[in-house]
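Undergrad: Attaching a single structure in structure tokens format; questions to follow.
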């Protein structure tokens, strides 16, 4: 999922990469499938180009940068939004992201407009930030004595980039008006893709942030916990969920839905590979909430609940994606993430072809509500999409 979002408010200050629909690791990459004549002609052309640069170009150049650009350009030329090349460092980050594990200090932040620093919205348990004493509400203003005020989030992320077990001195402005220097040790951080709580009226509320490794286990645990706490209905919030692994999506759908087809994968030859669910299911009224940033597995999840008439759906129209990617390691330590098939819903619908999933109840947010939502500051009783979900469920909950 190599999308460029126009609106990104929350940055996890860890080394991360896109979480994508289907991560299938192959042992090696065969570029030309034995077409040696094509490979020879292509190699000769590229060698000729390098020779011209080397002999005629007036400026300086880096051959490694040229090779890197060539690899990226080759995949970019496919004109596929979801295919891209990763260098070794990016591939390492990608694998960590796919496992819901990251290298970093372990905080979620947003730019604080008043100070120009970054405000801590969340601290991952047992992370370097947690152990150093950074708390929600702290405003980070400097790193190793260098001010970050007025910098962009990407610039701040670069300043915070460190290897595992390295340290950084983080200066924070606390709510008491005092400044504190806290030494943070970098480590592998596990990010929980699921959070949940009970709302009024015996309605459970579950946020699913992605469908990467561990998401299904955490989702199933959360649903069982909510039922144990007396939930008579559940809201599944997949807003701004970028998708993830097919196996995690299908495990969750199998857990929720009755017997039937839950995922149709179609390879490049047009052959269908159908995944089905068993007869057991969670028999509770439900609502799925999506927004325009619900992507890939998230929009597919909502579409399947809709097609099974399992849940009300609320929110905004999603983006529309139906291609599956394979991640293939390369001998240089990098990898290519390339579309190798597509997928359909139970009713053989391509979400890409129809421009995304359209929920039954279209509920927009104001600009102010959108801003608060992406900052993590929109309370449930002020969230129009959650309020609509609660209204729908109140009529069916005893």
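Values quoted throughout were computed directly from the atomic coordinates according to the rules given, and no laboratory measurement underlies them. Predicted, not measured: the structure shown is a model, and the values here were computed from it. Cβ sites come from the backbone with ideal geometry, for glycine too, and all protein chains shown count toward neighbours.
Undergrad: Could you rank the peptides 325-336, 361-372 by their average count of other C-beta atoms within 10 Å per residue, with the highest value first?
TA: For the peptides 325-336, 361-372, the packing ranking is 325-336, 361-372.
Undergrad: Among 189, 107, 135, which comes first, then next, by fewest other beta-carbon atoms within 10 Å?
TA: 135, 189, 107
Undergrad: Once you have a ≥ b ≥ c as the square roots of the Cα gyration tensor eigenvalues for the chain, tell me rounded if a/c is under 1.5, and otherwise prolate or oblate according to whether a/b is larger than b/c.
TA: In terms of gyration-tensor shape, oblate.
Undergrad: While we're looking at this one, here's another question. Per residue of the chain, what 222 nm ellipticity follows from adding -39500 (n - 2.57) for every DSSP H run with n ≥ 4, rounded to the nearest 500?
TA: The helix contribution divided over the chain gives -8500 deg cm²/dmol.
Undergrad: Listing 211, 374, 301 from the residue with the fewest other Cβ atoms within 10 Å to the one with the most, what is the order?
TA: Ascending number of Cβ neighbours within 10 Å: 374, 301, 211.
Undergrad: Which order do 387, 253 fall in if you start with the one that has the fewest other Cβ atoms within 10 Å?
TA: Neighbour counts put them in this order, fewest first: 387, 253.
Undergrad: Can you classify the range 36-87 as rounded, prolate or oblate using the Cα gyration tensor, where a ≥ b ≥ c are the square roots of its eigenvalues, rounded means a/c under 1.5, and otherwise it's prolate if a/b beats b/c and oblate if not?
TA: Oblate, since a/c reaches 1.5 and b/c is not below a/b.
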